[in-house]
Amino acid sequence: MRCAVIQFAGSSGDGDCCHVFKNILGQSADYVFHKETFKPADFDIVVLPGGASHGDYLRPGALAAHTKVMESVKEAANSGKLILGIGNGFQILLEAGLLPGTMLINKDIKFYADEVLVKVENNATPFTNLYKKDEVIRLILSCKYGSYFADAKTIEQLKSQNKIVLTYCGFGKNGDEEDPVASMENIAAIANQEGNILGLMPHPERCAEEILGNTDGLRMFQSILQYFEGGKTL
Amino acid sequence: MTAREEAKNLGLTDLEFDEIVKTLKREPNYLELSLYSVMWSEHCSYKNSKAVLKRFPTEGPQVLQGPGENAGIVDIGDNLAIAMKTESHNHPSAVDPYQGAATGAGGMLRDIFTMGARPIALLNSLRFGKLDDDRAEYLFREAVAGIGDYGNAIGVPTVGGEVYFDDSYEENPLVNAMCLGIVPHDKIVLGKAAGVGNSVMIVGAATGRDGMHGASFASGELTEGNEDQGSPMQVGDPFKEKQLMEACMELLQKEWVVGVQDMGAAGVVSSTSETAARAGNGIEIDVALVPQRDKDMKPYEIMISESQERMLVIVEKGHEDDVKKIFEKWDLDAVKFGTVTDDGMLRILENGKVVGEVPAASLAGGVPIVKRESRRPEYLDKLQTDFSKIPVPSDLNDILLKLLDLPNIASKAIVYRQFDQTVGTNTVVTPGSDAAVLRIKGTKRGIAVTIDGNGYYCYLDPYEGGKQIVAEAARNLVVSGAKPVALTDGLNFGNPEKPEVYYQFEKCVDGLSDAARKLGVPVISGNVSFYNEGKHTAIYPSPVVGMLGVLEDVEKHCTMDFKQDGDVVVLLGENTDELGGSIYLQELLDIVAGPAPKVDIEKEKKVQDCCLKAIQLGLVNSAHDIVQGGLAIALAECCIAGNIGFEGEIESNLRPDTLLFGEGQSRIIMSLKQDNLSTLNKLASELGVKVSVIGFVKGDSLKLTINQKDKTVGNIEVPVKKMAEVSKNAIKGRMKK
């Protein structure tokens, strides 16, 4: 599996994603700087990492969505390559129109960094095939603009097409904190119609090693690997 | 106006003016006076503190770089080193808490990555007035948001910190930031302008009029009038800083880089004069070449501007375009504006014409050192109280819950939840435990880091208070499984021209020094912030200590939470008859009285050695030190963190409130498997440390019975859920937003 990790100006999750693909999964991973381009054939999966790209100026993801590398990302998306946007990467996918909807500021207008409990609503995706349906997993959320918003029609479509992949079902270590985010339908992750693009707010790459106290996120990366090794069916 | 009068207006003393004239052998012009005024301010020159700071132990085989550079550097094994430093941003935070706190974090980061070290962790130490004061609540809320927004945007995790609320900080809050970076031994870069003829470049953001005279501003008291002056404020841009950091990390891999320095306080003048002085060289610069974002800036404005996100870079002649290429990638300016010379002068040109010329070494280190008068404050004699007149409380549950409801004891999750703690995927133990633990990728190792201070103890007894801070910081590392290796200090005091304040400063430094020396933890960097006074109050003497520890095997780290039903719970060390200085007296009974708890460093060392050894041998499941709120609060914290109960009995001759809430030092609570108890007892007796079994991890309540000669004299029984609820809501319930 060949993985591209995009480096936008301001990205900070790029190293973390690369670390998981390379050092944990033993796959190839290359950085692509936002001023560069690539061909769809160059990679199997493209990761848009977290971190305040371009300073989050204008809106989170808004400027990154218009960088040169995004032309290549769109091309790769259209040719069916897997695209994974994490945190700010999710926001970039929304701003680039690769996923529907937008992100609003958290309900309590504060940055929120803690563990969250999320439910796997759809395990029939290339990103979640190793989870059980309705399984509750622990991930780390770290964002200020994490409140997913879309019009009623979009929400209806996401629901009817089963494209809501993860939903929040608890906040804080024990899952008993008040919801600080207020995401519509408790959305934590959605996929596009074709199913090859996933955007999620929590950070699976930070939950992929025993020493960090949580390996629930690792299975997302293993799912991707499984998808490629098991013969690619969407 | 005469030059002498101008000097006075700029904050220079007559003595200092005479020294300048003597050095230059002529009267300085306005530009030169401005340079001296910022470089000889307390903030840049440490003129009030230098003599006393010499008392710190600064050496050890592990020290690769001691005080005097951008940051200190200490070896952690495997050919890796940690650069670390603490810095204050107290005055800017009193005026604009959001920007003040944010730029504090920003300056800290630059000090680290200028040395070639990649920043891997931030910590902060905060002091505000009590939250029932509207302004204190506002300062607290905004400072936390500022630190968060800056650190989060730049992608460096905030892994720890501490916050205290006390009336003494109402007018003058304290915002100290600490940063750690990692660097291989052979990649360390120093701030030296070596090599005559080499190119001096300014990189990063353009220079504007923000932060004019910031360093001088930080060296005066906050009074009406200067509280409103907007000009000393810097405005931070974390995005630009992130770009600058990435560009510098790329740049510093190149062998043709000679020296790098952050442009922090006093911007161009401090970075040029300090790098030149360290190398024994001079620098000639042309200010007209500096990229500017304000119109018609005068040479002196360009020289002393504190615009953020800029660096001074010295490279071998001929590599200017290579530097430009790297910075272009990150959309940043890089301009050659000077040359290293051999005459020791900082020569300033404007469009080729000399407008100022002074010896670099005189700016950087020539300030006349002041030996301030020191006098023991009278209040110290009025801090006694007759403890026998204080009634022993009958409802101990009530006291315990009231203590948990104090913002100074309660959970700080509402604060650290606003900080990204895990980006970088190194954070093994997140905030909320005694120390943060980080793994070092590519090795088996880990580091632990903590920042601690107790201004109240230092107020009651500056010397013992200083000792206690070092002891507590080391203890916090030890209970996490790490061996302490080095510390960085942040010394926050009032006006040093007041003999009583200077006394506090001297005694605190003595206490810190003695404890650091005896525990074998050298001071490798630090910061002094004086003049922390408002119209009505001076702050408590408030030194803080950031300390680093190393774990040979990061898998063997330890946390405070009780883990396993049935584990035996022991107390390492001895309960003492010390109620003075406790938060129980201070905040619940309104009795400000000492003596502050005393630390016997020899005993402390033994307790710490025993704890560390026990953790390294894998004997214990949890360890937590006893600090504010005493034994009862420590047990409550172990229960809350583990979401599990405790049941125990203690036989003691002490008053129940002294036993439960007294803050006697050198005590650690550990939980372990019954099977490991005999090994622990053996280890402890070899080291001469007392171990007492006080109960078991059990159930879902904290239950403790106190017996005196087989008679029950006190009882605690509170559900863990209840304690967690109170602790969680204490700060939140006092916030307006």
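The values are calculated or read from the model by the stated rules, or taken from the named source; none is laboratory data. Just so it is clear, the model here is predicted, and its values are computed rather than measured. Cβ: placed from backbone, ideal geometry, glycine included. Neighbour counts: every protein chain shown.
Values for this structure:
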item: Helices (runs of 4 or more DSSP H) within region B:235-310 that include 1 or more residues touching a strand residue (DSSP E or B) at 6+ places or on another chain (Cβ under 8 Å), within 27 Å of B:TYR36 (Cβ to Cβ) and not β-branched (Val, Ile, Thr); result: B:267-279, B:299-304
item: B:GLN608 more than 14 Å from chain A (Cβ to nearest Cβ), in a loop (DSSP other than H, G, I, E, B) and buried (at least 17 other Cβ atoms within 10 Å of the Cβ); result: no
item: Residue list for region A:142-171, filter: in a loop (DSSP other than H, G, I, E, B) and crowded, with 18+ Cβ neighbours inside 10 Å; result: A:LYS144, A:TYR145, A:GLY146, A:ALA150, A:LYS163
item: Test: residue in region B:519-536 that is assigned to a helix (DSSP H, G or I) and charged (D, E, K, R); result: no
item: Residue in region B:170-188 that is more than 14 Å from chain A (Cβ to nearest Cβ), surrounded by fewer than 22 Cβ atoms within 10 Å (Cβ to Cβ) and polar (S, T, N, Q) present; result: no
item: Residues that are among the acidic types (Asp, Glu) and within 14 Å of chain B (Cβ to nearest Cβ), drawn from region A:101-157; result: A:ASP108, A:ASP114, A:GLU115
item: Residue match in region B:331-342 (condition: in a loop (DSSP other than H, G, I, E, B), farther than 30 Å from B:LEU53 by Cα and modelled with pLDDT under 95); result: yes
item: So B:TYR416, is it at pLDDT 95 or above, surrounded by 22 or more Cβ atoms within 10 Å (Cβ to Cβ) and either in contact with a helix residue (DSSP H, G or I) (Cβ under 6 Å, 6 or more places away or on another chain) or more than 14 Å from chain A (Cβ to nearest Cβ) (or both); result: no
item: Some residue of region A:173-190 being acidic (Asp, Glu) and under 13 Å from the mean Cα position of the chain (by Cα); result: no
item: Any pair with Cβ under 6 angstrom, 6 or more apart, that starts in region A:1-13 at a residue that is within 7 Å of chain B (Cβ to nearest Cβ) and at positive phi and ends at one that is surrounded by fewer than 24 Cβ atoms within 10 Å (Cβ to Cβ) and of a type outside the set (A, V, I, L, M, F, W, C); result: A:GLY10/A:GLY55
item: Candidates B:ASN492, B:ASN527, filtered to the one that is at pLDDT below 95, in contact with a Leu (Cβ under 9 Å, 6 or more places away or on another chain) and more than 14 Å from B:THR450 (Cα to Cα); result: B:ASN527
item: Residue in region B:552-591 that is farthest from B:ASN476 (Cα to Cα), counting only those that are out of contact with any helix residue (DSSP H, G or I) (no Cβ under 6 Å at 6 or more places or on another chain) and hydroxyl-bearing (Ser, Thr, Tyr); result: B:THR576
item: When residues of region A:202-214 are limited to those that are closer than 13 Å to A:PRO49 by Cβ and in a helix (DSSP H, G or I), the one nearest to the other protein chains (Cβ to nearest Cβ); result: A:ARG206
item: Filter result (under 12 Å from the mean Cα position of the chain (by Cα) and not β-branched (Val, Ile, Thr)) within region A:197-234; result: A:LEU198, A:GLY199, A:LEU200, A:MET201, A:PRO202, A:HIS203, A:PRO204, A:GLU205, A:GLY217, A:MET220, A:PHE221
item: Residue in region A:126-136 that is crowded, with 19+ Cβ neighbours inside 10 Å, at pLDDT 95 or above and out of contact with any helix residue (DSSP H, G or I) (no Cβ under 7 Å at 6 or more places or on another chain) present; result: no
item: Positions within region B:533-571 being crowded, with 22+ Cβ neighbours inside 10 Å and acidic (Asp, Glu), in sequence order; result: B:ASP567
item: Strands (runs of 3 or more DSSP E) contained entirely in region A:16-94, each with at least 1 residues that are in contact with a strand residue (DSSP E or B) (Cβ under 7 Å, 6 or more places away or on another chain) and within 14 Å of chain B (Cβ to nearest Cβ); result: A:28-33, A:82-86
item: Pairs with Cβ under 9 Å, 6+ apart, first in region B:235-262 and more than 14 Å from every other protein chain (Cβ to nearest Cβ), second of a type in the set (Lys, Arg) and surrounded by fewer than 20 Cβ atoms within 10 Å (Cβ to Cβ); result: B:LEU252/B:LYS187; B:GLN253/B:LYS187
item: Qualifying residue in region B:417-426 (condition: charged (D, E, K, R), touching a Phe, Trp or Tyr at 6+ places or on another chain (Cβ under 9 Å) and over 23 Å from B:PHE661 (Cβ atoms)); result: yes
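For (1) closer than 16 Å to A:TYR131 by Cα; (2) away from chain B (no Cβ under 14 Å); (3) in contact with a Phe, Trp or Tyr (Cβ under 7 Å, 6 or more places away or on another chain); (4) touching a residue at least 24 places away in the same chain (Cβ under 8 Å), each residue gets a yes or a no:
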| site | (1), (2), (3), (4) |
| --- | --- |
| A:ILE164 | yes, yes, no, yes |
| A:ASN174 | no, no, no, no |
| A:GLU194 | no, yes, no, yes |
| A:LEU198 | yes, yes, yes, yes |
| A:ASP216 | yes, no, no, yes |
| A:ILE224 | yes, yes, yes, yes |
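Quick grid of which residues meet (1) more than 13 Å from chain A (Cβ to nearest Cβ); (2) acidic (Asp, Glu); (3) touching a Cys at 6+ places or on another chain (Cβ under 8 Å); (4) farther than 23 Å from B:ALA83 by Cβ:
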residue: B:VAL428; (1), (2), (3), (4): no, no, no, no
residue: B:SER433; (1), (2), (3), (4): no, no, no, yes
residue: B:ALA448; (1), (2), (3), (4): yes, no, no, no
residue: B:ASP452; (1), (2), (3), (4): yes, yes, no, no
residue: B:ASP461; (1), (2), (3), (4): yes, yes, no, yes
residue: B:GLN468; (1), (2), (3), (4): yes, no, no, yes
residue: B:ALA474; (1), (2), (3), (4): yes, no, no, no
